[in-house]
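What follows is one structure encoded as structure tokens, with my remarks underneath.
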There are 2 protein chains.
Amino acid sequence: MSETAKPAPAPPRVEVAAIVQFITRALVSVNVPPEDAAQVAALMAESDARGGDAHGVFRLPQYVKQIQEGAVNARPDIRVVSERPGTALVDGDNGLGHLAMKRAAELAVEKARRCGVAWVGTRHGNHAGPAQLYPRMAAAQDMIGIYFCVGNANLVPPWGGTEALLSTNPIAIAVPGLRHPSIVLDMATTNAAFGKIRLKAQRNEPMPEGWMIDREGKPLTDPKRASEGFLLPIGGAKGYGLALMFGLLAGTLNGAAFGRDVVDYTVDSKTPSNTGQSMMAVDISAFADVTAFKQDVDEVWDEMKSSPTLPGFDEVRLPGERSENLYRERMASGVPLGAPLRKALDELADRLAIAKL
Amino acid sequence: MSETAKPAPAPPRVEVAAIVQFITRALVSVNVPPEDAAQVAALMAESDARGGDAHGVFRLPQYVKQIQEGAVNARPDIRVVSERPGTALVDGDNGLGHLAMKRAAELAVEKARRCGVAWVGTRHGNHAGPAQLYPRMAAAQDMIGIYFCVGNANLVPPWGGTEALLSTNPIAIAVPGLRHPSIVLDMATTNAAFGKIRLKAQRNEPMPEGWMIDREGKPLTDPKRASEGFLLPIGGAKGYGLALMFGLLAGTLNGAAFGRDVVDYTVDSKTPSNTGQSMMAVDISAFADVTAFKQDVDEVWDEMKSSPTLPGFDEVRLPGERSENLYRERMASGVPLGAPLRKALDELADRLAIAKL
């Protein structure tokens, strides 16, 4: 790098409300009912606002393609197929994944109010954005939310193996605080989430070592060659174990796809994915005074923050802290959208004959 | 190593029943009621049989010391302090940790039978052995068991920090199969569990790099210097996030210790630890036909096993497979107990004036 090299200019920002409207227009144009389109658009734009750039409007062209080519049902009849006081199994009728998951999260909160805890699974769902969206709905109701899902592309072999039978199967957990924001963990069980690799590919950036290996076990850093290698699970065999168990809990238990059944919707827009997710809500008031508990959570936040730091670290961060800071900033100032994504969305608008973003 | 170096002879084996009887004798001698002593002894010996060597009879001298010095109550009045149809909070009255957790697991299974899912927390508990014991109880009842706890020694700083505010806070999940054993994950959220480090110290073996770092961030491999350094969480910030969330779920939610409150019972035998654990049971029949589900779990097992392997791996393993194989072998042929452990137990027997193992 020469001394005169300048950083790339920051991409122009787009208001969150404009993103919501654009997604809604696009989905309505492919026959999604306006109310459903608005719900999905709000959750997708929330993802962008929270910094989940690989899970927001970035995915819109793919969702539209899935609807147009038959993998996704634009007008699903989402229903509860089995139920107990604290549980339900929701069939998403192969609609957009956000719809079944929003229903599942709302049902979990309602059931936990009565039972103290609830577990709601989905089958015949689809990609539903970043995991954190749904446990956050529980946290907003003074509950703890926990979510697992089966990822949509198998890129992880069982530990020691060479057949990619597992996805990045993530977990998200949200715990509300009082003065501080909710503590929200949202993590793939691999060192890198697949969405981040797709974003690297779109931005023409190399991946750091440790994200992927090739079929000989050597580091793979070209994101465009992702299909030739494997993602590395966190902690080796441990991350494999987590991905496997979350797959059993979110896929197998719900009668949804897991293992060889998983359909990679980024390469197959015709076959329904039968995505499975599981959502839990725990009513804090079943265990503690809610305000006292939230104060205790604030204390945990402060305690972690108070730790001295290692060289190279400015401060200790809490899970969800960065996402919350971005959310506040982007709700006020808009979401920066890079030129390649903007171009893809403009092309989508042309194809759908709708107003551009 | 010279060519004539011979492997150390395998330690002599001791029958599982003899371990149960020895632990029972020891606990009864320090005023634990015989029925409680037998329950704890059975769970501790199961740990040894399953290969959880750092969590079985190895811990007995410490438990005895805690009872003798006042940290643990030999005759607890364990009771449910709050309850909803699907939840309960169990107060362990500072008794041996296995007693409160066995009660919590049984209650979770009973409540899940009615609600489909249950969540039971403990407070004023103590170290309760390896995490897998309790979700296995649910799996034996055709349920899925999930367990989190707050570990008993803070050895992990928040990511980027240098104050050890977190323990290895583990998770265990058990899912029953039909032809195959249950798939059972039992893992610390650090690259190495603390029990393994204690065992390395007792065996005078160095730790591999990656388990711990010192306060300057350099690798630490001498297990006797463990108190000078930190355990490394799996996946860096991700393992920190998991340890933090499991601490909130098993400690803070239950009114149990977490963060600076945590008492390291291996160095303090006088202060009650107020250990917290959380146990969940999910009734499979609320979601699927139980036999069909277990067959699906078997298929997942077979699918993982069928993967070709990387160089250096003989086969792909399932979580819990090694533990199950050891269990069968050790129930038949006994548990190998190394000379240092045998010596510690003989000395304990002398101090307590009970028959040796």
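When only C-alpha pairs under 8 Å and at least 6 residues apart count, what is the relative contact order of the stretch A:35-125, in percent?
Details: 127 pairs, mean separation 21.4, N = 91.
Reported relative contact order: 24 percent.
Where Lys and Arg each count +1 and Asp and Glu each count -1, what net charge lies around B:Ala71 among other residues with Cβ under 10 Å from its Cβ? If you can, show how the numbers build up before the last one.
Numbers: positive: B:Lys65, B:Lys270; negative: B:Glu69, B:Asp268.
Result for the local shell: 0.
Short to long, the 10 Å bins of the Cα pair-distance histogram for the stretch B:199-247 hold 27, 44, 27, 2 percent of all pairs. Judged by the gyration tensor of its Cα atoms, with axes a ≥ b ≥ c, the stretch B:39-193 is rounded; a/c sits under the 1.5 cut. Based on every Cα atom in the stretch A:181-293, Rg and the maximum pairwise Cα distance Dmax equal 17.7, 54 Å.
Taken about its Cα centre, the stretch A:48-143 carries a charge dipole of roughly 160 debye when the Cβ of each Lys and Arg holds +1 and the Cβ of each Asp and Glu holds -1. Counting only residues at least eight positions apart within a chain, or on another chain, the lysines with an alpha carbon under 18 Å from that of B:Lys200 are B:Lys224, B:Lys343. In terms of surrounding Cβ atoms within a 10 Å radius of their Cβ, B:Ile173, A:Ile171, B:Ile78 rank from fewest to most as B:Ile78, A:Ile171, B:Ile173. Sorted from nearest, the other copies put their B:Val290 label points 3.6 nm away, the label point being 7 Å from Cα in the direction of Cβ. Around A:Ala118, with a cut-off of 9 angstrom between Cβ atoms, what is the net charge of the other residues, counting Lys and Arg +1 and Asp and Glu -1? So the environment of A:Ala118 carries a net charge of +1. Starting from the label point of B:Asp350 at 7 Å along Cα→Cβ, the same points in the other copies fall at 8.8 nm, in ascending order.
Using only side-chain charges placed at the Cβ, +1 for Lys and Arg and -1 for Asp and Glu, the dipole size of the stretch A:1-83 relative to its Cα centre rounds to 200 debye. Taken over the stretch A:270-316, the convex hull of the Cα atoms encloses 172 Å³ per residue.
Of all stretches in chain B that contain no trypsin sites (Lys or Arg not before Pro) in a DSSP loop with at most 14 other Cβ atoms within 10 Å, the longest one is B:1-178.
Helical content alone sets the calculated 222 nm signal of chain B at -12000 deg cm²/dmol, taking -39,500 (n - 2.57) per DSSP H segment of four or more residues and averaging over every residue.
Our analysis of chain A gives Rg over Rh at 0.96, with the two radii drawn from alpha carbon positions and Rh computed by the Kirkwood formula. For B:Pro33, the distances from its label point to the matching points in the remaining copies are 5.9 nm, ordered from shortest, with each point set 7 Å beyond Cα toward Cβ.
Length available on full extension from A:Ala237 to A:Ala18: 0.36 nm per residue minus the Cα-Cα distance, which gives 74.5 nm.
Determine the sum of side-chain charges near B:Val335: Lys and Arg each +1, Asp and Glu each -1, restricted to other residues whose C-beta is under 9 angstrom from that of B:Val335. Before the final figure, lay out the partial values.
Details: positive: B:Arg13, B:Arg330; negative: B:Glu15, B:Asp48, B:Asp53.
Counting the neighbours of B:Val335, the net charge comes to -1.
With contacts defined as alpha carbon pairs under 8 Å and 6 or more residues apart, what's the relative contact order of chain A in percent?
Values: 759 pairs, mean separation 78.9, N = 357.
That works out to 22 percent.
Only Cα pairs within less than 10 Å get springs; with that Gaussian network setup on chain A, which residue of A:Gly161, A:Gly195, A:Gly259 has the largest fluctuation? Sorting by GNM fluctuation, first place goes to A:Gly161.
Relative contact order of the stretch B:177-248, please, whole-number percent, based on alpha carbon pairs below 8 angstrom and at least 6 residues apart. Provide the component values of the computation, followed by the final result.
Values: 78 pairs, mean separation 21.1, N = 72.
Dividing the mean separation by the residue count of the stretch B:177-248 yields 29 percent.
When the P(r) is computed for the stretch B:1-125, the part past 22 Å accounts for 46% of the Cα-Cα pairs. The distance from the alpha carbon centre of the stretch A:157-221 to that of the stretch B:110-168 is 25 Å, rounded to a whole number.
On average over all directions, what projected area in square nanometres does the stretch A:231-357 have, based on the convex hull of its Cα atoms?
Working: hull surface 57.1 nm².
Taking the Cα atoms of the stretch A:231-357, their convex hull projects to 14.3 nm² on average.
With N counted as the residues of the protein assembly as shown, its alpha-carbon radius of gyration over 2.2 N^0.38 Å works out to 0.96. For a paramagnetic label modelled on A:Gln68 (point 7 Å from Cα along Cα→Cβ), amide N atoms under 20 Å away belong, within the stretch A:317-357, to A:340-357.
For the pairs A:Lys65/A:Lys356; B:Lys65/B:Lys102; A:Lys111/B:Lys305, note any where the Cα-Cα span goes beyond 27 Å.
Numbers: A:Lys65/A:Lys356 18 Å; B:Lys65/B:Lys102 22 Å; A:Lys111/B:Lys305 38 Å.
Pairs exceeding 27 Å: A:Lys111/B:Lys305.
The numbers here are math on the coordinates, done by the rules we state, and not lab data. Keep in mind that this is a model prediction, so the values were computed, not measured. Here the Cβ is made from the backbone with ideal geometry for all residues, glycine too, and neighbour counts use every protein chain on show.
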